[in-house]
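S.K.: Got a structure for you, questions after.
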Amino acid sequence: MTIDDAFRRAAAHLDWTALAKSGDSTYFLDPALRLMGWNEAYLAFALANGADDLPERFPLGSDVAAAITGPLRRYYRRGFAGILAHGRPLHRQYECSSASELRLLHMSAYPIRGGAGLVVAHHVIHRAPHAGPSRSLRQHHADGHGFVVQCANCRKIRDHRSDNKWDRVPDVLAGPPRNVSHGLCPICLDHYYPDLEPES
């Protein structure tokens with residue numbers, strides 16, 4: 001487990017041994033919503049999903065918002081700030097599929113007693129092989145500027161020939177191109193984030 005020393009002291013009452021051994025991908029935030037640590041399951045999940053450089057891209061002290069893409073950045077910053085302000089946990093279910101399987105996860109974010117920050121844990125609640133067709137990455141998956149838009153939730157790719165068509169493109173999940181931006185497909189927006197406020 002990787003933990004900032006000062007943060008560990010500020011949250012000394014936590015059961016650090018249990019958190020280290022947990023199979024849930026878990027990270028820790030200070031009151032400024034900076035990344036203060038993570039357990040091995042967090043690194044294992046990142047590695048299994050092609051983010052083996054995660055600790056280098058987002059080292060201790062990084063703003064958590066830098067690691068959250070698209071319209072969910074402001075949504076989670078606001079949600080995490082609300083936990084700190086009101087002391088109530090935040091629970092969300094979301095999809096985070098891989099190239100080969102559909103995965104549903106449950107996120108629980110809890111305030112740490114004494115205002116030290118947050119514990120954010122992600123647990124896989126369902127996994128199954130993908131059903132339905134998949135596509136190869138094609139020219140119509142890029143917008144007029146050459147960007148491929150991926151749903152930040154289900155990870156499908158927008159087909160720019162239609163406003164509401166999004167395709168499962170395993171190639172992008174296995175090895176994302178550099179020109180990926182993020183949004184939310186209409187299904188994920190309606191199902192998982194009905195309370196998401198429009199960006200201004």
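The values are calculated or read from the model by the stated rules, or taken from the named source; none is laboratory data. Worth saying up front: this structure is predicted, and the values here are computed from it rather than measured. Note that each Cβ is placed from the backbone with ideal geometry, even for glycine, and that neighbours are counted across all protein chains shown.
S.K.: Out of all the residues in segment 38-73, which are within 13 Å of the chain's Cα centre (by Cα) and basic (Lys, Arg)?
M.R.: Listed by number, the list holds a single entry, ARG73.
S.K.: Additional query: Given the criteria at positive phi, surrounded by fewer than 15 Cβ atoms within 10 Å (Cβ to Cβ) and not basic (Lys, Arg), does GLY61 qualify?
M.R.: When the stated conditions are applied, GLY61 passes them.
S.K.: Hey, another quick one. List the pairs whose first member sits in segment 18-45 and is part of a helix (DSSP H, G or I), whose second member is acidic (Asp, Glu), and whose Cβ atoms are under 8 Å apart, counting only residues at least 6 apart or on separate chains?
M.R.: Cβ pairs passing all conditions: ALA20/GLU40; ALA41/ASP24.
S.K.: For segment 74-101, enumerate the residues that are touching a helix residue (DSSP H, G or I) at 6+ places or on another chain (Cβ under 6 Å) and either of a type in the set (A, V, I, L, M, F, W, C) or crowded, with 18+ Cβ neighbours inside 10 Å (or both).
M.R.: Matches in segment 74-101: LEU90, TYR94, ALA99.
S.K.: Got at least one residue in segment 142-159 being surrounded by fewer than 17 Cβ atoms within 10 Å (Cβ to Cβ), among the acidic types (Asp, Glu) and in the same structural domain as LEU14 (by TED's automatic domain parsing)?
M.R.: No, the conditions are met nowhere in segment 142-159.
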